[in-house]
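Have a look at the structure below, then the notes.
The values are calculated or read from the model by the stated rules, or taken from the named source; none is laboratory data. Model, not experiment: these values are computed from the prediction. Note that we place each Cβ from the backbone using ideal geometry, even for glycine, and neighbour counts take in every protein chain shown. Quick note on the areas: whole protein, heavy atoms, side chains included, nothing else; ligands and nucleic acids left out. Shrake-Rupley method; radii C 1.70, N 1.55, O 1.52, S 1.80 Å.
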Amino acid sequence: MDRDGIERALRRLEARAPVSDAGKAAVRALPYQYRTLEPAAYLVREGEPPTHCALLLSGFAYRHKVTGEGARQILSVHMSGEFLDLQNSFLAVADHNVQALTRIEAAMVPITALQRLVDVHPDVGRAMWIDTLVDSAIFREWMVNVGRRDSLSRVAHLLCEFALRLEAAGLAKEGVYELPMTQEQLADATALTPVHINRVLKELGRLGLIGRHKRAVSILDWEGLRALGDFGTRYLHLEVGGPTTVASAR
């Protein structure tokens, strides 16, 4: 398995709960199929029985549901070092979709192997369980974001979240990062239109809160953006397993 990807996954699990040396060795020894997938490729399809759980080695993926009329709601974004859809490893059928957001590399681990892993190494199982609970906390925050914040606050909140999560994953530094989403995808994550997203991004720039060059985002005024986005770090649980090192959660 890709060394950088698996070590990033192990660091993420250890941030959730202590993992023994034997548990780490078992994670490193998981069987897998290596796959490279292009943007929009499906890793999980709603209604299908899951057979594998993907460990994202590089790139970004997103979780979403589609209404009966074809409208898409993006529920979360995932990045390198994350296991995708651990919860479906213990459910009979997928109740949502997971697709590649960018070109990705993934290790497809058989669900049966994951189930054996958590049976033999409960410390790994506990870390994975906490990881799914943090995913749930993020879902709850995104629900509040879409349902109760105005358009400027929704986008500001999302940009703050990306900054901290990418920095924690070693994919950003000091509030500068490559935004992995198009304006259409940002619209589907915030229940806005692409035209409205464009206006909001321009307004955030006019206010001196962010700078942009193509998809590169620079947060120029963290406190201002955080206040506008009603952003707090509690739901990210960066302190689980020990103090966060991500700029003291800014």
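Magnitude of the charge dipole for the chain, about its Cα centre and with charges confined to Cβ atoms of Lys, Arg (+1) and Asp, Glu (-1), is about 380 debye.
So for the stretch 1-95, taking the charge dipole from beta-carbon charges (+1 Lys/Arg, -1 Asp/Glu), which of A40, L91, A61 sits furthest toward the positive end? So the residue furthest toward the plus end is A61.
For a straight C-alpha distance cut-off of 25 angstrom, no lysines are reachable from K65 once same-chain residues fewer than eight places away are disregarded. Within the straight-line cut-off of under 19 Å between alpha carbons, the aspartates and glutamates reachable from K24 are D2, D4, E7, E14, E82, D119, D123, D131, sequence neighbours fewer than 8 places apart in one chain being disregarded. Each Cα pair of the chain feeds into the Kirkwood radius, which the Stokes-Einstein equation turns, at 10 °C and 1.306 mPa s, into a diffusion coefficient of 85 µm²/s. Hydrophobic long helices, here whole DSSP H runs in the chain with Kyte-Doolittle means of at least 0.0 and Cα atoms spread over 27 Å or more along the helix axis, are found at 122-148. Label sites at Q73 and R140, each approximated as a point 7 angstrom past Cα along Cα to Cβ, lie 1.7 nm apart. On the basis of the beta-carbon distance and an R0 of 35 Å, Y34 and A227 show a calculated FRET efficiency of 0.20.
Taking only protein heavy atoms and a 1.4 Å probe, the accessible area of the chain is 53% carbon and sulfur. Each peptide in 224-236, 112-124 receives the mean, over its residues, of other Cβ atoms within 10 Å, and ordering these scores from highest gives 224-236, 112-124. Taking 0.36 nm per residue of separation and subtracting the current Cα-Cα distance, fully stretching the chain between E14 and L207 would add 65.6 nm.
The residues of the chain present an accessible area of 47 Å² per residue when probed at 1.4 Å with all protein chains retained.
Note on A113 and T132: the extension gain reaches 5.0 nm, defined as 0.36 nm multiplied by sequence separation minus the Cα-Cα distance.
Hydrodynamic estimate: the Kirkwood radius of the stretch 179-229 over Cα pairs, inserted into Stokes-Einstein at 25 °C and 0.890 mPa s, corresponds to D of 217 µm²/s. Under the rule of -39500 (n - 2.57) per DSSP H run of 4 or more residues, summed and divided by the residues of the chain, what mean residue ellipticity at 222 nm is obtained, to the nearest 500 deg cm²/dmol? Rounded to the nearest 500, it is -13500 deg cm²/dmol. Magnitude of the charge dipole for the stretch 80-168, about its Cα centre and with charges confined to Cβ atoms of Lys, Arg (+1) and Asp, Glu (-1), is about 220 debye. The average projected area of the stretch 113-250, computed from the convex hull of its Cα atoms over all directions, is 9.1 nm². Label point 7 Å out from E7 along Cα-to-Cβ: which residues of the stretch 59-97 have amide N under 19 Å? Residues 59, 80-83 fall inside that zone. Annotation: Cα Rg of the stretch 1-50 relative to the compact-globule expectation 2.2 N^0.38 Å equals 1.44. The calculated FRET efficiency for the pair R215 and V93, based on their C-beta separation and a Förster distance of 30 Å, comes to about 0.30.
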